[in-house]
Structures are given as C-alpha cells and as structure tokens.
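Computed from the coordinates by the stated procedures, all read-outs in this text should not be read as laboratory data. Being a predicted model, the structure only gives us computed values, none of them experimental. Reconstructed Cβ throughout: ideal geometry from the backbone, glycine too, with neighbour counts over all protein chains shown.
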Amino acid sequence: MKAVQVTGYGDVDKLQVAEVPIPEPKDHEVLVKVKACAINNTEIWMREGAYGTGSKSGWRPEGVQFPRTPGSDITGQVVKVGASVDGAMKGRNVVLFPFTSSGDEGAEHISEDMSFIGSEYDGGYAEYVVWPADLCFDMPLSNYIESAVFSVSGMTAWHMVEQIQPKPGETIMVTGANGGVGSLNVQIAANVFGANVVAIVGDLELEERMKELGATHVLSYKSETLAQDILHANGGPIDAVLDVVGDALFATSLQVLKKGGKFCTSGSAGGQKTELDFRKLYLKHITLYGSVLGTRAEFEKMLTAISEGKIQPVIDRTFPLDAAREAQTYFKNAGKLGKIVLLPEE
C-alpha cells in the first residue's frame, strides 16, 4: 500500500511517499481502509522536533521511532477484523478515537502510557491502518471527509470548554478562531454551552463566516487596540479565554479577563514561551488550565453533538495523499478557515 512516512526530524522533505505492506490486524484490532485523514499541528510539530528530539519527541518516554506514518484524524471503512472481533464490524464506516491508554475512565488522556496514533503507532497518511476495534466509532456524518475533521481538534476543543465550564450568557474569547481547534471552540462554546463568543482572527473578511459558526463578536488580532476592542465589544471584562496561540495574545488575554476569570490553553502557535507577571494571576484570581486531547466520554458526547447538527465541519481544502508535503506547508499559512484533509483516493 501507499503511505507517507516521516523519516526523521526536519522540514517537509522528511515526508517520503513509500510502498509498505498492508498491516495485519491483531486479535482485538480491525483493518481500516482510510478514506480521509485531516491534518493537525501535532504531526507537524512532531516532524519539526517542536516537542523535542530523541527520547522527548513523542507521547511516550522512548520518543518517536522513525520511519513513522503520521495522521490521527481518520475515517474509513473496516475491511478486515481480528480473530476476537465481531465479524459484524466488517463494512462499518468508522472514525478512530486517536489514542490508546490504560488510564481510568475520565483520566485516559493523562495516563503515563497514553500512546497516539501517528506518533507511537502508524497513522492515517496511508491507504490502510490497523486500530483496536473498541476505539472505532460510527461516523457522526455520512460523509468521510466531513467526519474526519473532528477527532483530535474536536476532542481538544470539547475538553477545553469542559475545563472552563461556561454558563449560558457568559463571554468566552477564542483565539485562533479560524483554525481547526478554534473554529470548533467557537461552535462548542456557543452552540452547545450557550456562551457568547468573541472570536479573534487575523482577517476580518472572515467575520460573516465566524458569526455563522456562532460568534457574537469577531475582532482582529492585528488591531493595535485589541484589548480595548474586546472590552468595548463585551461591555466590560470577559469570563474566560480558550487559547491556541500562546505568547502572542497571552498578555492581552490576562488584561481583558474579569476577576475570577479562567484561561485555558492547548496550543502555542504564536509563541511557546511567554513573560508572566504573577501579580496579574493572584490579584485577579485567574485560574490557568493546560489542556490536551480529552476523554472517551467527551469524544462520544462530541460525536452526538455533531450528529445532532450542533457542530458543523469546517473544511478549507483537500489534498491527495501524494501531496502531503504541499498540504503540511499550506496548513501553516495564515488566513485559512478550518481543516485541511488528505485523501488517499481522489
């Protein structure tokens, strides 16, 4: 089968198209013919070594073992089942829960042995992938591409919103609101939890689309008076921030939060290190949350919300699997709206 492999740390030239054997499912696994695989920051940062190199590069202590087929947002059709799997699974259209873990229910994502598909296991930049049968869920939508854009980004966004527990009518600021996680943060906070959302983007040409997703206000991070713009739009300080940007908007976020406000981060695309004045935290009673991925229960709640139409797929464009280098390069461009998806067959 055709697969795109990461051969080591570096630029997109480390992505190589290769012919590899079709994997064989173990007793508890199924073989999935990949129909669509959306791109996440995770696999790009892994390739670039942003998480570290050697023993610190992956989710497990031993680090990523190369060559590795990346890709964790996967939909496809079950075409073969392991000996211990119900044969009725064959033919099912599924979306893959993206990691394994021995953690207790509700703490799967913080277990020490949490292992990620596309990092510790070969992932979806391929024509086929094997995965545990109990981690394959029915697609929430009938379309493979649309169902592929939620797994990692959607669960990350859902868990972020769960962390801050917004009440209906509260105001939540979402940074990077036009990105994969951000566009889902907007929808989950507004359409599931009933919050008012201030969406922060670069290009205000996206304003109408962001409001269609549920945003109450749309502002540009390029404004020289962004903090004042936020306070004016909301009529005062905001209740919480859902952040995927990091340093670039951290100071502004703390400035506009109310006393007792909450700041939740799951990314740092705008800078991985920042300067923090601790007085801002304790004088304003601000709570900080770090957030990565989520739980199986949250994943299932997310799939239900998608199937009920509360969360819409937001897709910028698709690329054929052979164009993975081009797709990852495009992914890093500013101004896109939503997810980028690789298609093994076009």
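A few points about this structure:
- Extended-chain gain in nm, criterion 0.36 nm per residue less alpha-carbon gap, His28 and His232: 67.9 nm
- Highest-fluctuation residue, Trp45, Trp131, Trp158 considered, GNM on the chain with Cα pairs under 10 Å: Trp45
- For the range 216-346, the Kirkwood hydrodynamic radius from C-alpha pairs, put into Stokes-Einstein at 25 °C and a viscosity of 0.890 mPa s, yields a diffusion coefficient of 140 µm² per second.
- What the Cα atoms of the chain give is an Rg and a Dmax of 19.9, 62 Å.
- Computed over the chain with a Gaussian network model linking Cα atoms closer than 10 Å, the most mobile of Val20, Val198, Val181 is Val20.
- The range 187-240 and the range 112-176 have their alpha-carbon centroids 24 Å apart.
- Cross-link reach list, lysines versus Lys301, counting only Cα pairs under 16 Å and skipping chain neighbours closer than eight places: Lys310
- For Lys167, the aspartates and glutamates whose Cα falls under 20 Å of its own Cα, not counting residues fewer than eight places away in the same chain, are Asp239, Asp243, Glu298.
- Net charge dipole size for the range 233-336 [Lys, Arg +1 and Asp, Glu -1 on Cβ; Debye, nearest 20]: 320
- Working from Cα pairs under 8 Å separated by at least six residues, relative contact order for the range 250-346 is 23 percent.
- Direction-averaged projected area, Cα convex hull, the range 116-170: 5.7 nm², rounded to one decimal.
- q = 0.19, 0.25, 0.28, 0.29 Å⁻¹: log10 I(q)/I(0) that the Debye formula gives for the range 138-195, counting C-alpha atoms only: -0.66, -0.99, -1.13, -1.17
- Prolate/oblate/rounded call for the range 61-127, Cα gyration tensor, a/c under 1.5 rounded: oblate
- Average Cα contact separation per residue, the chain, under 8 Å, 6 or more apart, as relative contact order %: 18
- Neighbours of Ile172, meaning other residues whose beta-carbon lies under 14 angstrom from its beta-carbon, give a summed charge of -1 when Lys and Arg score +1 and Asp and Glu score -1.
- Here Lys2 is the anchor, and the lysines within straight C-alpha reach of less than 20 Å, apart from those fewer than 8 places off in the same chain, are Lys14, Lys33, Lys35, Lys80.
- Relative to the globular-protein estimate of 2.2 N^0.38 Å, the Cα radius of gyration of the range 167-219 stands at 0.95.
- Relative to the Cα centre, the charge distribution of the chain, modelled as +1 at Lys and Arg Cβ and -1 at Asp and Glu Cβ, gives a dipole magnitude of about 600 debye.
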